[in-house]
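The values are calculated or read from the model by the stated rules, or taken from the named source; none is laboratory data. Remember, predicted model here, so these are calculated numbers, not experimental data. Here the Cβ is made from the backbone with ideal geometry for all residues, glycine too, and neighbour counts use every protein chain on show.
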Amino acid sequence: MTTKAIRIHAYGGPEVMHWEDVPRPEPGPGEALVHHGAVGLNYIDIYFRTGLYKTTLPTVLGMEGAGTVTAVGDGVSVVRTGDRVAYAGGPLGAYASERVIAADRLVKLPDAIDFNTAAAMMLQGMTAQYLLRRTHEVKAGETVVVHAAAGGVGLIMCQWAKHLGATVIGVVSTPQKAELARHNGADHTVVGHASLPAEVKRITGGAMVPVVYDSVGKDTFMASLDCLAPLGLMVSFGNASGPVPPVDLALLNAKGSLFLTRPSLGTYTAQRADLERVANDLFGVVEKGGVKIRVNQTFPLRDAAAAQTALESRKTTGSTVLLP
């Protein structure tokens, strides 16, 4: 018995993605079979496709999805057949009509959250949660810098930080994206990063900021450091422009005894209790209306290559989901 999936057999451009018949998986001990209602599209999928992040080939791409549990293996108690669930953060295998996954990586969805919304928000929303609530606990009255503020994670972060009482400086690539960021909680927007430190200095009256959230990587790293106040925290959590080159630690000293971290969702949700805490915090802020998830693009799952092309060329805003 077979199902459909997007697989790659070699690293490369979107052309290496193939819509194929694959064996229908059966859940083993501790696993659940999920029939997808929607699958999330994320920039990390491109990293795996190109080989920036290595994996065993051939592989099914994708790290986020939402759907219905259709079977469970021995020893599973956290979910049951018929449960509406979602997951994010791996392992790979989401670009498929159905998949097996460790049951303890699944979280049950509240009735108010549909599959499209769940698939659009789990990876991006849980990333926003740990960045804003644990990596640096944003407090009312603080000013924070958020790069790629009109992207999926960025729009959630702008809304959530604003909900927490922070002043948000959103960095974007076009005036159109600046307008979108402002409509989603950014108090100030900066187009491009060349003038970013000067703009942050102007906005903050010279005080600069306690934290910068940078998912762009190589192109923006130095400008981000120059936005920080003494003892500030540089949070580098993505490589959209390429990996950050090796850093001379003396630079952190010279710029004000700065802190630097490269966090990941996997670490922050490695324990089941942490996963549930992060997910439930996200569900709560969405259900209260503090964060609105905007699914601005949908593609058939079989057209995932076109979806990745649109994401890579910065033609998307907000979240994108793939529909099996």
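Worth pointing out:
- Per-region count, segment 60-82, residues buried (at least 18 other Cβ atoms within 10 Å of the Cβ) and of a type outside the set (A, V, I, L, M, F, W, C): 4
- Flag if Gly89 is assigned by TED's automatic domain parsing to the domain that holds Gly28, touching a Phe, Trp or Tyr at 6+ places or on another chain (Cβ under 7 Å), within 24 Å of Trp19 (Cα to Cα) and surrounded by 19 or more Cβ atoms within 10 Å (Cβ to Cβ): no
- Residues of segment 222-231 that are touching a strand residue (DSSP E or B) at 6+ places or on another chain (Cβ under 8 Å) and crowded, with 21+ Cβ neighbours inside 10 Å: Ser224, Leu225, Cys227, Leu228.
- Within segment 23-50, residues that are within 19 Å of Thr2 (Cα to Cα) reach partners that are of a type in the set (Lys, Arg) and at pLDDT 95 or above with beta carbons closer than 8 Å, at six or more positions or on different chains, in the pairs Pro25/Arg99; Leu33/Arg99; Val34/Arg99; His36/Arg99.
- Residue that is farthest from Gln129 (Cα to Cα), among those in segment 260-280 that are surrounded by 14 or more Cβ atoms within 10 Å (Cβ to Cβ) and hydrophobic (A, V, I, L, M, F, W, C): Leu260
- Elements of type helices (runs of 4 or more DSSP H) in segment 231-324, at least 2 residues being over 19 Å from Arg49 (Cβ atoms): 249-254, 265-268, 272-287
- Residue list for segment 106-130, filter: of a type outside the set (Asp, Glu) and under 26 Å from Trp19 (Cα atoms): Leu106, Phe115, Asn116, Thr117, Ala118, Ala119, Ala120, Met121, Met122, Leu123, Gln124
- In a residue-by-residue description of segment 130-143, the property of being in the same structural domain as Val60 (by TED's automatic domain parsing), hydroxyl-bearing (Ser, Thr, Tyr) and in a helix (DSSP H, G or I) applies to no position.
- In segment 236-259, the residue that is farthest from Leu155 (Cα to Cα) out of those that are buried (at least 16 other Cβ atoms within 10 Å of the Cβ), at pLDDT below 95 and of a type in the set (A, V, I, L, M) is Val244.
- Some residue of segment 233-241 being farther than 26 Å from Arg134 by Cβ and out of contact with any strand residue (DSSP E or B) (no Cβ under 7 Å at 6 or more places or on another chain): no
- Conditions (1) farther than 26 Å from His188 by Cβ; (2) among the polar types (S, T, N, Q); (3) assigned by TED's automatic domain parsing to the domain that holds Ala102: number failed by Asn280: (3)
- Filtering segment 281-308 to residues that are touching a Lys or Arg at 6+ places or on another chain (Cβ under 9 Å) and exposed (fewer than 15 other Cβ atoms within 10 Å of the Cβ) leaves only Gly290.
- Residue match in segment 138-157 (condition: free of Cβ contacts under 8 Å to residues at least 24 places away in the same chain, of a type in the set (D, E, K, R) and surrounded by fewer than 18 Cβ atoms within 10 Å (Cβ to Cβ)): no
- Per the conditions (1) part of a strand (DSSP E or B); (2) in contact with an Asp or Glu (Cβ under 7 Å, 6 or more places away or on another chain); (3) of a type outside the set (Lys, Arg), the sole criterion not satisfied by Val78 is (1).
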